[in-house]
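Written out below as structure tokens is the structure these notes cover.
The values are calculated or read from the model by the stated rules, or taken from the named source; none is laboratory data. No experiment lies behind these values; they were computed from the predicted model shown. For neighbour counting, all protein chains shown are included, and Cβ atoms are generated from backbone atoms with ideal geometry for every residue, glycine included.
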Amino acid sequence: MKRFPRSLPAVVLGVAGAVVRPPDLCADTIAFWSFDEPVAGGGASGSVPGKFGGAFRPRLRPEPLATGIANPTDSRLNLGAHDWTIECWLHLDLAATDEGVIFELGTGPRGANEWVTRFSVLPAENAFALACLVSVPTGLAPRVEFANPEGPPGGVAWRHAATLASGSMKLPRATWFHAALVHDAKARELRLFIDGRPWAVAALSFRALLRGDDAYLAIGRGGDGQRALAGAIDELRVSDHAVYDRMFKPPASLAGAAGDRRSRPDR
């Protein structure tokens, strides 16, 4: 497994309250947030006990957790048509029902533009959702209207939301569980794993967002301050490959991978 050299510049991006350990992470990790340090915001939002050290729980803070990235649409976090994975540990409240944002990247400005890549949990539906842009043949009528009537240049994409739900399993509550969303570019599909078990699959031709001058990255709450997660997030990691493609044993910690976890079967 390749590892970051200790002299590598800060290509792994952190946020307030995140401790980033490049030497301990796979070379294809785009970003990692451990949330082990106190999060700015006093009693409004901050660190709570996590699966490993601390975790982030959005509380009364009206705006999303700031990440300090100049323009996320210029970064590798603007996930595109290639393979990628978003994974984390989640702890949902027993009474959680409303949609809660895990990861949202938008073209901005905040609250005034719906061009987003948003990974969120839908507790009432025992499901997750990905709001995004998808590629479609030119001339095909969109099934979901653009928030911006002008749409993207060329008319070759539309805003879409894929819902990934299991018909027989329910999401864990009041306990930590591992969630992984994998984009397989060759298969043109999304795969959702809960605690290492295949949960749902959805067909999708994903594409990156266009550059936005007011682009932002939000965690735990949407860029408009809505969709706050009713629970906590620990060890959020974004990778630029499809980490999992079959049942696997969830890692002890995303920070200290002992080897390449790609396609590791559950034994």
Single match in Ala95, Ala44, Ala112 (criterion: surrounded by fewer than 17 Cβ atoms within 10 Å (Cβ to Cβ), at pLDDT 65 or above and either basic (Lys, Arg) or farther than 30 Å from Ala203 by Cα (or both)): Ala95
All positions within the range 101-115 that are among the charged types (D, E, K, R) and assigned to a loop (DSSP other than H, G, I, E, B): Arg110, Glu114
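Condition check ((1) farther than 25 Å from Pro72 by Cα; (2) at pLDDT 95 or above; (3) in a loop (DSSP other than H, G, I, E, B)) across all residues:
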position: Lys170; (1), (2), (3): yes, no, yes
position: Ala174; (1), (2), (3): yes, yes, yes
position: Ala187; (1), (2), (3): yes, no, yes
position: Leu190; (1), (2), (3): no, no, no
position: Phe193; (1), (2), (3): yes, yes, no
position: Gly256; (1), (2), (3): yes, no, yes
Tally of residues being under 16 Å from the mean Cα position of the chain (by Cα) and either at positive phi or charged (D, E, K, R) (or both) across the range 199-247: 9
Counted residues, the range 47-82 - those being modelled with pLDDT of 90 or more and either of a type in the set (Phe, Trp, Tyr) or within 15 Å of the chain's Cα centre (by Cα) (or both): 10
The one condition in (1) within 26 Å of Ala242 (Cβ to Cβ); (2) modelled with pLDDT under 90; (3) of a type in the set (A, V, I, L, M, F, W, C) that Val182 fails to fulfil: (2)
The lone exception for Asp28 - which of (1) surrounded by 16 or more Cβ atoms within 10 Å (Cβ to Cβ); (2) at pLDDT 90 or above it fails: (2)
Count - residues of the range 226-253 that are in a loop (DSSP other than H, G, I, E, B), of a type in the set (Lys, Arg) and closer than 18 Å to Ala129 by Cα: 1
The range 159-168: number of residues that are out of contact with any Lys or Arg (no Cβ under 8 Å at 6 or more places or on another chain) and either β-branched (Val, Ile, Thr) or in a strand (DSSP E or B) (or both): 6
